[in-house]
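Novice: Have a look at the structure that comes next, please.
The values are calculated or read from the model by the stated rules, or taken from the named source; none is laboratory data. None of the values given here were measured: they were computed from a predicted structure. Because the Cβ atoms are built from the backbone with ideal geometry, glycine has one as well, and the counts that use them run over all protein chains shown.
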Amino acid sequence: MWRAVVEPFDLDQHELALLTAMVRQVDRLDVLERLIESEGVMVRGHGTVKIHPAVVEARQTAIAIARISASLRLPSGDEDAQPERPQRRGAARGVYQFPSGAA
């Protein structure tokens, strides 16, 4: 992933830091997915069955990857569909919240 982004784009230092964080998160997600595959989605303990903690962590890691990716604003790779799309960058959006009373 690192080479796929660094080779075609001229990134600033702060963008390289974001890319480093994203690559680490992708590696972490791979480890979590292997753990879930080997141990299962559910765990048993003390007479209860609950979702494996790695599933929760994998979800949070995937969210982090999406946010970092959005911050980098890299093209999607589908240049034929949007040939004039500029490479824009900006901050990721904040945490989404439900309006009060909704849930």
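Novice: Spot the failing condition for ILE65; the list is (1) in contact (Cβ under 8 Å) with a residue 12 or more places away in the chain; (2) more than 30 Å from ASP10 (Cβ to Cβ), and only one is missed.
Specialist: (2)
Novice: Of all residues in region 6-42, how many are surrounded by 15 or more Cβ atoms within 10 Å (Cβ to Cβ), closer than 18 Å to SER71 by Cβ and more than 15 Å from the chain's Cα centre (by Cα)?
Specialist: Total satisfying the criteria: 2.
Novice: Among the residues of region 43-56, which ones are outside any strand (DSSP E or B) and either touching a residue at least 24 places away in the same chain (Cβ under 8 Å) or under 21 Å from the mean Cα position of the chain (by Cα) (or both)?
Specialist: HIS52, PRO53, ALA54, VAL55, VAL56
Novice: Could you list, in sequence order, the residues of region 64-83 that are of a type in the set (A, V, I, L, M, F, W, C) and at pLDDT 90 or above?
Specialist: Those that are of a type in the set (A, V, I, L, M, F, W, C) and at pLDDT 90 or above: ALA64, ILE65, ALA66, ILE68, ALA70, LEU72.
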